[in-house]
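Everything on this sheet refers to the single structure shown next.
Every read-out reported here was derived from the displayed coordinates using simple, explicitly stated rules and does not represent laboratory data. Note that the coordinates shown come from a computational prediction; the quantities given were computed from them, not determined experimentally. Backbone-built Cβ (ideal geometry, glycine too); neighbour counts: all protein chains shown.
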Amino acid sequence: MTTSPLDRAADSFAAELARHRTGRGLSKKQLATMMGFDPSYVSHVEGRRHRPTEDFARRAEAVLEASGAIWQRYREYDELRHARTIPAHREPPPPGQWLPPGTGLIVEREIASLTYTDDGYRCVIRRELYNAGTEPVTRYLARVAVDRYPTDPGRSNRHHREHPLTFAELQLHAVREDGAEQEPMHWRAKHDRDAFKEIWLLFENGDRRFPLYPGHRATIEYAYQVGRDKWGPWFQRAVRLPTRHLAVRLDLPAELDPQVWGAETSLSAEEGPLRTPVHRRDEGGRAVFEWSTEEPPLNARYRMQWRFRSQPGVDPDETESGAPVRASDRMREFGIVQRGADLLRQPARQFDLPGQEPIARDVVDRLTAALARLDELHPFSKGVGLAAPQLGLGWAAAVVRPPGRGAEPVVLLNPRVVDAAPDTDEQYEGCLSFFDHRGLVPRPLRLDVEHAHWDGSRMITSFEFGMARLVAHEVDHLDGRLYVDRMAPGVPLVPVEEYRETGHPWRY
């Protein structure tokens, strides 16, 4: 039996959708709800009973944050459906790049500068834009993120909660250059958080509107400042639009004897050093460090870091006594039982349901509340789970939250594994009770778990990929087992300071 190219393209879209959905640990019904569709709609698309639509593809791309993969599969399907080609009067996007839904913007050149002054840091971002899409662009999304103690997320979160970044102190100013003249751009806040701001830069002001039309170019520049009490020793650029040239410039006081280095990461590579050196030149008592790259891949991140060798005072990543702050100490202060405690090596006690339903609900409420508070200590991009023994409660209960914003946690009462796929993979895991290290752990790609309802009845739930790994980790806790027991002999643990996958999902 043969299929047409159009059918194969539809199959590729459905397969890409399913791959990203399962990788995020979402059911079809959960994804449909997050996308705003009928609960059965995702099932129909993945089952090839419904063909994908542009609206569906846009929403799936946005919700699953698939780095353009879902949208690209849709474009391939749609072009076959309409036998469309790129219009001759439009410039095609750079090879290998995809155009994000709804914009079609290309950054032909970005120059990002950060200057250290007596008042703090001043950041200037200059971007030369080209509209390769089909619609006028009327706004541009800018992001401002600060992290006072980048190696200690808990300390940073507490610091910024007590000293939040404000729009007033940013003194944001944006312009669009039009030849020799500069046109001020109004702006509007999109997200306002303690250490993170998203801002729409508008192609308009009080006098007129000046949208960026298809096939046209524009240069925009925006600047803001942040006090030294809120800015840590790092400056990161993330490639969120197709970009042809990226340049980064740091301007630091030479008298502080700055040391600068850089790191990069992408969806296809773990974090490593910049592939080309950072160049330094001294002028007028300033040390200027410059670095650039051509055609950076989408979703790549380039981070410049520094330290001042002659700056007096205590290293911000040390305690007052000079001893480094350990990640496990933060978790212990939070109330997480740490490795070495007898409770973590004892099988948890089963609930007698429904008779002990009030006890079970209390334990689950405490686990759920603890997970919510843990977000203040650490970003959990891979999802996160917590078993009752980790809070000092010897009951057979665990709560597992899939990756993704707003994902509903899975409650496991009296769980036991009843089946597992023969296929396994090895990925790095962390543990809240052993947070100073990460370990390479083999796990099955699918796990069938029998667990209890509140009324004592039993059900079996199948978990795949990332969720299978999370659930297996927590069920192990309830059996008195840690992930180090699952590691192959001789495989070393990786200190968290050397682990480079924090903030990135598991890859399947």
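When only the Cβ of Lys, Arg, Asp and Glu is charged (+1, +1, -1, -1), the dipole of the stretch 105-308 relative to its Cα centre reaches about 480 debye.
Rounded to the nearest 0.05, the FRET efficiency derived from the C-beta distance between A341 and S12 at R0 = 41 Å is 0.25. The simple Förster model, with R0 at 45 Å and r as the Cβ-Cβ distance, assigns D229 and S4 a FRET efficiency of 0.15.
Cα gyration tensor of the stretch 105-308, axes a ≥ b ≥ c as square roots of the eigenvalues: rounded (a/c below 1.5), prolate (a/b > b/c) or oblate? Note, shape of the stretch 105-308 comes out prolate.
In this structure the amide hydrogen of E204, modeled in the peptide plane, comes within under 5 Å of the amide hydrogens of H186, F210, none closer than 5 places in sequence on its chain. Computed from backbone phi, the HN-Hα couplings of the stretch 109-115 come to 7, 10, 10, 10, 10, 10, 10 Hz, rounded to whole numbers (Karplus: 6.51 cos²θ - 1.76 cosθ + 1.60, θ = phi - 60°; Gly and Pro given as x). Other residues within the sphere of radius under 14 Å centred on the Cβ of A287, judged by their own Cβ, net out at 0 (K and R +1, D and E -1). Here F13, F37 are placed in order of increasing Cβ neighbour count within 10 Å, fewest first, which gives F37, F13. Put simply, the amide H of L482, placed in the peptide plane, has no neighbours under 5 Å, leaving out anything fewer than 5 places away on its chain.
Note down the magnitude of the dipole of the stretch 5-82 about its Cα centre, charges +1 on Lys and Arg C-beta and -1 on Asp and Glu C-beta and zero elsewhere, to the nearest 20 debye. Intermediate results must be reported in sequence, preceding the final value.
Details: 14 positive and 12 negative charges, 53 e Å.
Dipole magnitude for the stretch 5-82 comes out near 260 debye.
Over the chain, DSSP H runs of length four or greater, each weighted -39,500 (n - 2.57), average out per residue to a 222 nm ellipticity of -6500 deg cm²/dmol. The label-point distance for R275 and Y508, in a model that sets each label 7 Å from Cα toward Cβ, rounds to 3.0 nm.
The residues neighbouring F210, those whose beta-carbon lies less than 14 Å from its own, together hold a net charge of -1 under the Lys/Arg +1, Asp/Glu -1 convention.
In sequence order, the stretch 353-358 has phi-based couplings of 9, x, x, 9, 4, x Hz under the Karplus curve 6.51 cos²θ - 1.76 cosθ + 1.60, θ = phi - 60°, and Gly or Pro positions carry x. Rounded to the nearest 20, the Cβ-based charge dipole of the stretch 327-495 about its Cα centre (Lys and Arg +1, Asp and Glu -1) stands at 260 debye. Candidate cross-link partners of K382 among the lysines, defined by an alpha-carbon separation under 17 Å and a same-chain spacing of 8 or more, are absent. Look at the dipole of the chain built from charges on Cβ: of Y130, L250, N299, the Cα furthest out on the positive end belongs to Y130. Listed by Cβ neighbour count within 10 Å, with the fewest neighbours leading, D455, D78 appear as D455, D78. In plain terms, the residue of S40, S27, S310 with the fewest other Cβ atoms within 10 Å comes first and the most crowded comes last, giving S310, S40, S27.
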